[in-house]
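Trainee: So that we are looking at the same thing, I have put the structure below in structure tokens.
The values are calculated or read from the model by the stated rules, or taken from the named source; none is laboratory data. Please read all numbers here as calculations on a predicted model, not as lab measurements. Glycine gets a Cβ as well: all are built from the backbone with ideal geometry, and neighbour counts include every protein chain shown. We work out accessible area using only protein heavy atoms, side chains counted, and drop any ligands, DNA or RNA first. Shrake-Rupley method; radii C 1.70, N 1.55, O 1.52, S 1.80 Å.
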Amino acid sequence: MRILILNGPNINLLGLREPGIYGTDSFADLLALVRRTGEEEGIEIETFQSNHEGALVDRIQESMGRVDGIVFNPGAYTHTSIALLDALRAVRIPTVEVHLSAVEQRESFRQISYIRSACFLTITGEGIAGYARAIRALKEHLAADDARKKSENGEKNL
Ligand code: DQA
């Protein structure tokens with residue numbers, strides 16, 4: 001099982017950026033946590049961060065057939081990007097939307113998430129721990145999917 005941890009604009013500044021909102025854990029702490037969680041769960045983890053919308057679209061497209069799940073924090077593109085929504089819909093890779101902050105308690109312009117409808121779960125306001133929970137939730141979701149497919153195939157073979 002292979003999971004992509006995808007981060008959008010300004011997430012690389014974690015720890016330096018508005019610590020009152022995003023906490024004091026650094027981006028390096030976030031990367032270490034997701035790697036550690038992958039090891040604990042027996043999942044291969046790959047990570048990608050970009051400040052550019054098109055680079056995120058490219059990475060989602062390139063993930064088709066290579067990656068089983070995506071943990072995605074699109075940063076501010078959450079609230080603006082139909083292109084990211086379309087990319088997720090196109091590749092149909094199970095995805096969890098993660099936000100470090102409790103976006104639902106913030107400004108009105110953060111209340112729209114274009115990608116949310118393409119995600120099976122949204123986690124907000126847990127800081128970097130939200131990414132670890134997202135990886136575990138993806139693992140469960142993929143295992144349930146697998147079991148469902150196997151039982152459907154078994155029924156067909158009867
Ligand atoms: C964020 C929330 C977004 O509104 C914001 O633009 C970010 C980070 C979060 O992780 O809380 O860049 O996605």
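Trainee: Tally Lys/Arg at +1 and Asp/Glu at -1 over every other residue whose Cβ is under 13 Å from the Cβ of LEU14; what's the total? Can you show the working numbers first?
Mentor: Details: positive: ARG17; negative: GLU18, ASP25, ASP29.
Taking every Cβ under 13 Å from that of LEU14, the sum is -2.
Trainee: Here is a follow-up. Between the DSSP loop rule and a limit of at most 11 other Cβ atoms within 10 Å, which trypsin sites (Lys or Arg not before Pro) in segment 1-78 are left?
Mentor: In loop regions of segment 1-78 (DSSP not H, G, I, E or B), the sparsely surrounded trypsin sites (Lys or Arg not before Pro) are ARG66.
Trainee: Ignoring ligands, DNA and RNA, what accessible area per residue does the chain give at 1.4 Å, in Å²? Let's see the in-between values first.
Mentor: Working: 8130 Å² over 158 residues.
In whole numbers, the chain has 51 Å² accessible per residue.
Trainee: Let me ask something else about it. Non-local amide H neighbours of LEU14 (under 5 Å, H modeled in plane, Pro and chain starts lacking H): which ones?
Mentor: PHE27
Trainee: Between segment 6-76 and segment 94-158, how many Å separate their Cα centres?
Mentor: 14
Trainee: Arrange the peptides 82-88, 110-116 so that the one whose residues have, on average, the most other Cβ atoms within 10 Å appears first. Can you show the working numbers first?
Mentor: On the way: 82-88: 18.0, 110-116: 16.0.
Ranked from most to least packed, the peptides come out as 82-88, 110-116.
Trainee: Also, quick follow-up: Under 5 Å between amide hydrogens, which residues at least 5 positions from THR47 or on another chain qualify, with H placed 1.01 Å from N in the peptide plane?
Mentor: Here ILE5 satisfy the definition.
Trainee: Just to confirm a number: summing +1 for Lys and Arg and -1 for Asp and Glu over residues other than GLY127 whose beta-carbon lies under 10 angstrom from that of GLY127, what do you get?
Mentor: Numbers: positive: none; negative: ASP25, ASP29, GLU126.
Spelling it out: positives minus negatives among the neighbours equals -3.
Trainee: How charged is the neighbourhood of VAL98? Take every other residue with its Cβ under 9 Å from the Cβ of VAL98, and add Lys/Arg as +1 and Asp/Glu as -1. If you can, show how the numbers build up before the last one.
Mentor: Numbers: positive: ARG133; negative: GLU97, GLU126.
Residues close to VAL98 contribute a combined charge of -1.
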